[in-house]
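The values are calculated or read from the model by the stated rules, or taken from the named source; none is laboratory data. Since we're looking at a predicted model, the values are computed, not measured. Positions of Cβ are backbone-derived with ideal geometry, glycine not excepted, and every protein chain shown enters the neighbour counts.
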Amino acid sequence: MDDVLLDIKNLSICYSTEDGEVHALNNADLTLHRGESLGLVGETGAGKTTLARGVMRLIPNPPGKVVGGEIFYDGRDLLKLSEADMRRIRGREISMIFQDPMTSLNPVMTVGDQILEVINVHHPDLPRHEARKKAEEMMEMVGITSSRYEDYPHQFSGGMKQRVVIAIALACSPKMLIADEPTTALDVTIQAQVLEMIRDLKEKNNTSMLLITHDLGVVAQNCDRVAIIYSGEIVEYGTLHQIYKETLHPYTEGLFGSIPNLTSNIKRLAAIDGMMPDPTALPAGCKFADRCKYATDRCRTEHPRLLEREDGHKVRCIRYESSGEVTENG
Amino acid sequence: MHKYIIKRLLMLIPVIIGVTFIVFFILNLSPGDPAAMILGDQATAEALAMKREELGLNDPMLVRYAHYMGGLLHGDMGVSYKNSISVWGQVVDRFPNTAILAVAAILVALLIGIPTGIISAKKQYSAMDNISMVLALIGVSMPVFWLGLLMVILFALKLGWLPSQGMGVGLGPMLKSLILPAITLGTSSAAVITRMTRSSMLEVIRQDYISTARAKGVDERTVTYRHMLKNALIPIITAVGLQFSHLLGGAMLTETVFSWPGLGRLMVDSIKSKDIPMVLGCVIFLAVMFTVVNLIVDIIYAFVDPRIKSLYRRGK
C-alpha cells in the first residue's frame, strides 16, 4: 500500500443550518495513488466540493464541521495536525484549484504578487529577486508572458485567470493537486486548453490529482481511476475501465445514459428521474432507491455497504451483496 | 486622472452657487433686523434707516445676492456686520482649530472603529460581536452634547483630570484640552465606522479568493489584512470620508459644549446675531471643504482598488 498518497476513511462532514443538520458527506472512503489521477464525479450538491475542502481542512466553520473519519496523507492523519502544520501542507504538499476563476483571485493584488505570495510563504529564505524570478517562470509556464506580472485580475480573461490560479497551485511543486471543477466556468475551447495544460504540468512534475467534475468526458480523458459520489456517499469506485465498461451501480448506469452519443441515433437522452434526497433528512436505506429502477423494498430499509470485488472495483448496492461475486469491505 | 480632478473641481462652482443661494434665502426669511442688532436698542429710527441703506438691506433679495456673488468672484467675502472685520480673515483664523479637532476625532474613530469592526466580523455572532454592536448602537444614538456634558462632569469636575473648557495654549495644554472634545466628537463616527467595517468585512470573508489565499498556506493574520481588509476598504473609506466632512461641519455642538474656538462656534454665534456675511463665509468655506474631502476620498479609491484606477484612466 506504499503507493497510496491519500487515503480517506469514513469521512463525514455536516453543516448546521436553520433547517437542521445538512449531512453533506457521509462515511466517504477514497484512495488516491501516487502519480495517478482520480476523478470524483457527481451531480451538484452531492458533496464533491465538501470532500475537497475537507481534505484541505478549509470547511468554513461555523457552519461546517468534520464529524468523523480520517484523512491519511502520506501516512499522516491531516485531521490531527495543528493549524500551523496544516498551513505548511496547504500550497506546498496539496494545492487546490477552485471552481470559478473569476472570483478566486484577489482583485486588489497583482497576479504576479499572488503567485509570489505562495512562494514566499513556503520558501521564506529565498532572496526576493529569486522568488520573483520563480513567479515569473510560473507565469511563462502556464502561457502568460511575465511582462504582465504587474497586471491585476480584472485585466485578464476567465481562461487566463484560471491559468494564473494553476500557476499559484503549482508554484511550490505540490505532490497533490485538487482541481474542483476547474473548467466548469470556462467555455468549451478554453476548457480543452486548460485541461491539457493541467495534464501536461501534472505529468511533468509527477503530481497526483483529485479531479472533481460532473463531466464524464473530462474524466475519461484525464483520469486513471474514478469515484462516483451520490448524496454524500461514494457509490462506486474503480479504474477508468471498470467504471466505463463494467458499470455496476445503477446511478452510474444512469449517468452514462444521459451522455449524448455521436454514433447512435436516439431521439431523447435518458435522464435519471427525480431529485437527490434532502440532505437534512436522508432516507434510512439506499439513498438512490427512490430513483432506481431496480429498487426493492429491502433497498428502502437496509443501507447498503461499500463492497469490494477482487479486482478492486467497489460498489455500494444491495444487488451485489447476495451475488457472492463481491467481498465485504466496511 | 488629472482631467478627472479638474472636472471635479469645476463642479465646485454650481455647488457654491446653490449653497450660497439657499443660505441667503433662508437668512432673508428669518426674523430680526441686522441694523438693530448692530446699533443696539437705543438707536434712533434715522440711524437704523441709515445703517440699512449702508448695508444695502433695502434692495430686493436678488439684487443683494448678485452684489454678494460679485464680491465673491473677486475673492471678497465682505466684512462682519458685528465688528467690521474681514470675514475671510476670521474664517481662516478659526478653521485650523476645527481641523485639529476633526482630525483628532477621526483618529479616535479609526483607532476604535476598524479593529472592533474586524474582530466583530471575524467572530460573527460571538459575545464580543454582540457587545460591540450594542455599544455601536449606543454610540450612534447618543446626542453629542449630552455625551460631552457627561464627559465634562466625570473627567473635568469629578476627577479633575482634564480641562472642561477652551483650548490650551502651547502644545502640551492644547493636546490636553483636545482629549475630551475629540472623544466626544469621535464617538458616533467610531460607531459608524465599526458597523461599516464589520459589514464590509463580512461581505468579503466568504469570497473565493479568501479560500484561495488560505489554500496557499497563508497565515490567518495575513489573510485578514492583506486579503480581507484590503478588499473591504472601499466602503470603509467612503464612511470615513463622509464622517470626516461631517466632523468638519458638524463640530458645532461639541465646540459649543467645550467652548472650542472653532469655525462651528463662529457660525453659531453669527447666526444668533444675524451676521449674514459671516454665516455665508462659514457655509461657503465648509461646503468647499466638504467637496474637497470627497474628492480626496475618490482619489484614494484609485490607490486602493486598481479597477477604479483604470476607470479613471479611461477618463470617466
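Before moving on, here are some points about what is shown:
- Only listed residue being at negative phi, at pLDDT 85 or above and in a helix (DSSP H, G or I), chosen from B:Tyr65, B:Tyr4: B:Tyr65
- Of the residues screened, B:Val218 is not one that is within 28 Å of A:His122 (Cα to Cα) and in contact (Cβ under 8 Å) with a residue 12 or more places away in the chain.
- A:Ala135 being within 13 Å of another protein chain (Cβ to nearest Cβ) and either surrounded by fewer than 20 Cβ atoms within 10 Å (Cβ to Cβ) or in contact with a strand residue (DSSP E or B) (Cβ under 9 Å, 6 or more places away or on another chain) (or both): no
- Residue check for B:Lys51: surrounded by 12 or more Cβ atoms within 10 Å (Cβ to Cβ) and in contact with an Asp or Glu (Cβ under 7 Å, 6 or more places away or on another chain): no
- Yes/no for A:His241 being closer than 22 Å to A:His214 by Cα and in contact (Cβ under 8 Å) with a residue 60 or more places away in the chain: no
- Criterion violated by A:Arg163 - all others in (1) within 13 Å of another protein chain (Cβ to nearest Cβ); (2) surrounded by 21 or more Cβ atoms within 10 Å (Cβ to Cβ) satisfied: (1)
- If the condition is being farther than 19 Å from B:Arg8 by Cα and without any contact (Cβ under 8 Å) to a residue 60 or more places away in the chain, then segment B:273-306 contributes only B:Pro306.
- Test: residue in segment A:93-107 that is more than 28 Å from A:Arg316 (Cβ to Cβ) and of a type in the set (Phe, Trp, Tyr): yes
- Single residue of segment B:16-32 satisfying the filter (more than 21 Å from the chain's Cα centre (by Cα) and touching a residue at least 60 places away in the same chain (Cβ under 8 Å)) that is surrounded by the most Cβ atoms within 10 Å (Cβ to Cβ): B:Phe24
- Within segment A:21-115, strands (runs of 3 or more DSSP E) holding 3 or more residues that are away from chain B (no Cβ under 11 Å) and farther than 30 Å from A:Ala281 by Cα: none
- Pair list, Cβ < 9 Å and 6+ apart or interchain, from segment B:254-271 residues that are on the phi > 0 side of the Ramachandran plot to residues that are outside any helix (DSSP H, G or I): B:Ser259/B:Ser164; B:Ser259/B:Gln165; B:Ser259/B:Gly166; B:Ser259/B:Met167
- Residue within segment A:97-104 that is closer than 20 Å to A:Cys172 by Cα and surrounded by fewer than 19 Cβ atoms within 10 Å (Cβ to Cβ) present: no
- Among residues of segment B:70-89 being out of contact with any Asp or Glu (no Cβ under 6 Å at 6 or more places or on another chain), part of a loop (DSSP other than H, G, I, E, B) and in contact (Cβ under 8 Å) with a residue 24 or more places away in the chain, the one that is farthest from B:Glu54 (Cα to Cα) is B:Met77.
- In segment A:166-187, the residue that is farthest from A:Asp113 (Cα to Cα) out of those that are within 13 Å of chain B (Cβ to nearest Cβ) and charged (D, E, K, R) is A:Glu181.
- Matching residues, segment B:103-133, being loosely packed, with under 15 Cβ neighbours inside 10 Å and under 14 Å from B:Ile193 (Cα atoms): B:Leu107, B:Leu111, B:Pro115
- Pairs with Cβ under 7 Å, 6+ apart, first in segment B:137-151 and more than 8 Å from B:Ser188 (Cβ to Cβ), second of a type in the set (A, V, I, L, M, F, W, C) and surrounded by 14 or more Cβ atoms within 10 Å (Cβ to Cβ): B:Phe145/B:Leu253; B:Phe145/B:Val257; B:Gly148/B:Val257; B:Gly148/B:Phe258; B:Leu149/B:Val257; B:Met151/B:Leu180; B:Met151/B:Ile183
- Selection status of A:Val118, in a helix (DSSP H, G or I) and either crowded, with 21+ Cβ neighbours inside 10 Å or touching a residue at least 40 places away in the same chain (Cβ under 8 Å) (or both): yes
Residues are listed down the side, and each one gets a yes or a no for (1) under 25 Å from A:Glu203 (Cβ atoms); (2) out of contact with any Lys or Arg (no Cβ under 8 Å at 6 or more places or on another chain); (3) not β-branched (Val, Ile, Thr):
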residue: A:Lys9; (1), (2), (3): no, yes, yes
residue: A:Ser16; (1), (2), (3): no, no, yes
residue: A:Leu40; (1), (2), (3): yes, no, yes
residue: A:Ala52; (1), (2), (3): yes, yes, yes
residue: A:Pro60; (1), (2), (3): no, no, yes
residue: A:Asp77; (1), (2), (3): no, yes, yes
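- Selection status of B:Ala35, at pLDDT below 80 and either part of a helix (DSSP H, G or I) or touching a Cys at 6+ places or on another chain (Cβ under 8 Å) (or both): yes
- Checklist (1) touching a residue at least 40 places away in the same chain (Cβ under 8 Å); (2) among the hydrophobic types (A, V, I, L, M, F, W, C); (3) over 21 Å from B:Thr20 (Cβ atoms) applied to B:Ala47, failing item: (1)
- Identification of helices (runs of 4 or more DSSP H) wholly contained in segment B:136-237 with 3 or more residues that are surrounded by 17 or more Cβ atoms within 10 Å (Cβ to Cβ) and away from chain A (no Cβ under 14 Å) yields B:144-151, B:171-205.
- Of the residues making up segment A:206-219, those that are under 22 Å from A:Asp3 (Cα atoms) and of a type outside the set (S, T, N, Q) are A:Met209, A:Leu210, A:Leu211, A:Ile212, A:Val219.
- Residue count, segment A:145-181 (criterion: outside any loop (DSSP other than H, G, I, E, B) and not acidic (Asp, Glu)): 23
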